[in-house]
Amino acid sequence: MRQIVETILPTTMVGSYPRPRWFQYQLLGRDVRVAFKHVDHAEAFADATQAVIHDQEAAGLDIVTDGQMCFDDYVGAIGSFCWYLYERIPGFEPAKEEHPAAIGAATMTKEIALLSDWGAVVNSGPVRQGTLRLVDLYMIAKRYATRPLKISVGAGPVNLAWHVHFQHYKDARELSYALAPLFNAEMKALVAAGATFLQYEDLGAWLPLFTGNTDDFKWIADVVQQCIDGVEAKIAWHFCYGNAWGNRLAGLFPVGYEAVLPYFYDLPIDQFVLDFANRDMVDVAALKSLPADKEVAVGVIDVRTSMIETPEQVADRIRKVLDVVPPERVYLTTDCGMKPLARVVAQMKLQALAQGAQIVRQELEG
């Protein structure tokens, strides 16, 4: 396992951060090298990235992210998590369509309504390398970070294949395999540019719970393997419980991590990044099976509410983790991306994270 910082219980966040209110520019599907021809847009983007990195460092995080200012203000609060990829990978149509799960649904449940709002995309042709420009965005962030920088990569192939109407590829599996080499190339390019810590984002780990076929875990693991193959960096994999308008999507994810994690333990992943705070740490015992060569970044900040945790609350959540996993294999993080929150709330939540971690570090030292 590659070490990023020497600090015990390093603190970080998942990826996205609230946009400063003054940053109103939207990419709207454009290549950033086209959008940034507008000098005001380029300057505002860089300033926003600098501002959100400063927020994280001022809060006391040990490892920061770029805040993903490339995420437009789309559906689902963080919908650009998928659409940024759809819009820049040839093979997908630009329009937002009705979600497959909503078409013909007998009852408009909360979960179906949320998927409908998120939307879907038509896969009309073969996918090929597009203009994601992840290296460009990394280089902007690198100017401003004075602490180690973690770069999020995704939504990943299986995640993208959830929200698709298939015209070219026959199903999610075939599309996911076609996308994997594109992600592998992006990750290798980031490493070549100097990135040392990559967080692969893909909720595809949950897909077999919907298909009811445990054999799907095998090809999903293989797709992840192909995405990270030969990528010489610390690799984390984040798959969350969904970050939809403050909702815990219990209807979509009725069981905990114990139902999926063991299927992926053989992957050459350094770290699993998992949500726990939003469910009051209920299935933290699932981490008892975590292999000795794996780390876990545990969500101890609930990003689905504007209620701000106290450092003592965060410390109590951390202690529950340490009852299961040794501290040298534990990172501390937010449950998911923070984009939907007010910026001042995000700032205070990150401060509570850093302060709660320090409480527990002092206990360990004592």
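The values are calculated or read from the model by the stated rules, or taken from the named source; none is laboratory data. Computed from a predicted model, the values in this text were never measured in an experiment. Positions of Cβ are generated from backbone atoms using ideal geometry, with glycine treated the same way; all protein chains shown enter the neighbour counts. Note: accessible area is taken over every heavy atom of the protein model, side chains too, but ligands, DNA and RNA are not part of it. Shrake-Rupley method; radii C 1.70, N 1.55, O 1.52, S 1.80 Å.
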Cα radius of gyration and Dmax for segment 121-264 (Å) = 15.9, 46
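I need the per residue convex hull volume for segment 75-133, using only the alpha carbons, in cubic angstrom as a whole number.
Output value, Cα hull per residue: 73 Å³.
Starting from the Cα gyration tensor of segment 118-182, take the square roots of the eigenvalues, sort them a ≥ b ≥ c, and report rounded, prolate or oblate (rounded when a/c is under 1.5, otherwise prolate if a/b is larger than b/c, else oblate).
prolate
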query = What figure in square angstrom, to the nearest 10, would you give for the accessible area of D216 with a 1.4 Å probe?
reply = 20 Å²
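Rounded to the nearest 500 deg cm²/dmol, what is the calculated helix-only ellipticity per residue at 222 nm for the chain, with -39500 (n - 2.57) per DSSP H run of length n ≥ 4? It would help to have the intermediate numbers written out before the result.
On the way: 11 runs with 131 residues, N = 366.
Calculated mean residue ellipticity at 222 nm is -11000 deg cm²/dmol.
Tell me, what is the per residue accessible area of the chain in Å², probe radius 1.4 Å?
For the chain, the solvent-accessible area averages 39 Å² per residue.
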query = Using alpha-carbon positions, what is the distance between the centroids of segment 107-171 and segment 314-366, in Å?
reply = 27 Å
task = Among A95, L9, W22, pick out the residue whose Cα is farthest towards the positive end of the charge dipole of segment 1-96, where Lys and Arg carry +1 and Asp and Glu carry -1 on C-beta, about the Cα centre.
result = A95
task = Provide the per-residue ³J(HN,Hα) series for segment 159-170, in order, calculated from phi with Karplus coefficients 6.51, -1.76, 1.60 and θ = phi - 60°, each as a whole number of Hz, with x at glycine and proline positions.
result = 4, 4, 6, 5, 10, 10, 9, 8, 10, 9, 7, 7
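Out of all DSSP beta bridges with both ends in the chain, state the antiparallel percent to the nearest 5.
On the way: 3 of 29 bridges.
Percentage antiparallel, nearest 5: 10.
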query = How much net charge surrounds Y144 when only other residues with a Cβ under 10 Å from its Cβ are counted (Lys, Arg +1; Asp, Glu -1)?
reply = -1
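Normalised radius of gyration for segment 1-75, please: alpha carbon Rg relative to 2.2 N^0.38 Å, two decimal places. Numbers along the way, then the final one.
Numbers: Rg = 14.6 Å, N = 75, 2.2 N^0.38 = 11.3 Å.
Working it through for segment 1-75, the quotient is 1.29.
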remark   = Over 22 Å (Cα to Cα) among K96/K142; K288/K320; K96/K170; K142/K234; K110/K218 -> K96/K142; K110/K218
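Under a point-charge model restricted to the Cβ atoms of Lys and Arg (+1) and Asp and Glu (-1), what is the dipole moment magnitude of the chain relative to its Cα centre, in debye to the nearest 20? The partial results should precede the final answer.
Values: 33 positive and 45 negative charges, 108 e Å.
With Lys and Arg at +1 and Asp and Glu at -1, about 520 debye.
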query = Taking θ as phi - 60°, what are the ³J(HN,Hα) couplings along segment 262-273 by the Karplus curve (6.51, -1.76, 1.60), each to the nearest whole Hz, with x for Gly and Pro?
reply = x, 5, 10, 5, 7, 5, x, 8, 7, 8, 9, 10
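How long are the three semi-axes of the equivalent ellipsoid for segment 251-366, computed from the Cα gyration tensor as the root of 5 times each eigenvalue, in whole Å, largest first?
On the way: eigenvalues 105, 68, 28 Å².
Output for segment 251-366: semi-axes of 23, 18, 12 Å.
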note = In nm², the average projected area of the convex hull spanned by the Cα atoms of segment 308-366 is 4.1 nm²
request  = Tally up the carbon and sulfur contribution to the accessible surface of segment 48-124 as a whole percent, 1.4 Å probe, everything protein left in place.
outcome  = 56 percent
query = For segment 19-106, which trypsin sites (Lys or Arg not before Pro) are in a loop by DSSP, counting at most 11 other Cβ atoms within 10 Å?
reply = R21, K37
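Relative to the Cα centre, what is the charge dipole magnitude of segment 207-366, using +1 at the beta carbon of each Lys and Arg, -1 at the beta carbon of each Asp and Glu, and rounding to the nearest 20 debye?
On the way: 15 positive and 22 negative charges, 114 e Å.
Dipole magnitude for segment 207-366 comes out near 540 debye.
Treat every Asp and Glu Cβ in segment 1-76 as -1 and every Lys and Arg Cβ as +1, leave all other atoms uncharged, and give the resulting dipole magnitude about the Cα centre to the nearest 20 debye. Display every interim value, and only then the final one.
On the way: 6 positive and 11 negative charges, 48 e Å.
With only Lys, Arg, Asp and Glu charged at Cβ, the dipole is about 220 debye.
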ask   = When the Debye formula is applied to the Cα atoms of the chain, each taken as the same point scatterer, what base-10 log of I(q)/I(0) results at q = 0.08, 0.10 Å⁻¹?
value = -0.36, -0.58
query = Given F71, Y265, L179, which one lies farthest toward the positive end of the charge dipole of the chain, if we put +1 on the Cβ of every Lys and Arg and -1 on the Cβ of every Asp and Glu?
reply = F71
message = Using amide H atoms built in the peptide plane, which far-off residues or other-chain residues are under 5 Å from H99 H to H?
response = G119, A120
